[in-house]
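A.B. asks: Take a look at the following structure, please.
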Ligand code: HEC
């Protein structure tokens, strides 16, 4: 019985922390997570797609240009011969609002360092 109460308390605690994290997680990072960009773009290494710092470096702070790419209005800067992998996702990023695309671009560019 005691352990049941303890488990319930732990579960409730996790739920609360989870909700708080979700609430704090706004803007570009939330979009990046919800559209599952992280499957192919990692903060620390190249995987199926270029790493976030690689993309940030290519764009060098050009938020507008990156937002345009995500809207399908400008050509990619990088070319690893795998544009088809990105196509389906571009259909998704074309559907979100301009503001969300700018936030998403800001989030990616935040991996640019100095
Ligand atoms: C299925 C894997 C996959 C997913 C999921 C994915 N990407 Fe990509 N992405 C790629 C690949 C592969 C490339 C590199 C294509 C090439 O250069 O050949 C790429 C390239 C990019 C680039 C660089 C464009 C340029 O100018 O060269 C950006 C920005 C980008 N992705 C953003 C995103 C965002 C935002 C999401 C989520 C909405 C996302 N990606 C989801 C595979 C993926």
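Nothing in this text is a laboratory measurement; each read-out follows from the coordinates by a stated rule. In this text, all values refer to a predicted model and were calculated from it rather than measured experimentally. Note: ideal-geometry Cβ built from the backbone for every residue, glycine included; neighbour counts use all protein chains shown.
A.B. asks: Where does the chain land at 222 nm, in deg cm²/dmol rounded to the nearest 500, when only DSSP H runs of n ≥ 4 count, each adding -39500 (n - 2.57), divided by all residues?
C.D. replies: -19500 deg cm²/dmol, from helical runs alone.
A.B. asks: Could you check which residue among 88, 27, 72 shows the biggest mean-square fluctuation in a GNM of the chain with a 10 Å Cα cutoff?
C.D. replies: Judging by the Gaussian network model, the answer is 88.
A.B. asks: Determine Rg/Rh for segment 41-90; Rg is computed over alpha-carbon atoms and Rh is the Kirkwood hydrodynamic estimate from the same atoms.
C.D. replies: That ratio equals 0.93.
A.B. asks: Neighbour counts of other C-beta atoms within 10 Å: give me 7, 86 arranged from fewest to most.
C.D. replies: With the sparsest Cβ surroundings first, the list reads 7, 86.
A.B. asks: Just 70, 104, 15 to compare: in a GNM of the chain, with alpha carbon springs under 10 Å, which one fluctuates most?
C.D. replies: Maximum among the listed residues: 15.
A.B. asks: Run through every distinct alpha carbon pair of the chain and return the Kirkwood hydrodynamic radius in angstroms, one decimal place.
C.D. replies: Details: mean 1/r = 0.0638 Å⁻¹.
Answer for the chain: a Kirkwood hydrodynamic radius of 15.7 Å.
A.B. asks: Any idea how far apart residue 6 and residue 98 come out in nm if each label point goes 7 Å out from Cα toward Cβ?
C.D. replies: 5.7 nm
A.B. asks: Between the helical axis of 2-24 and the dominant principal axis of the chain, each derived from Cα atoms, what acute angle in degrees is found, rounded to the nearest 10?
C.D. replies: Helix 2-24 and the main axis of the chain meet at about 30 degrees.
A.B. asks: Shifting gears a bit: Could you identify which residue out of 103, 44, 79 has the top mean-square fluctuation in a GNM of the chain using Cα springs shorter than 10 Å?
C.D. replies: Highest fluctuation of the listed residues: 79.
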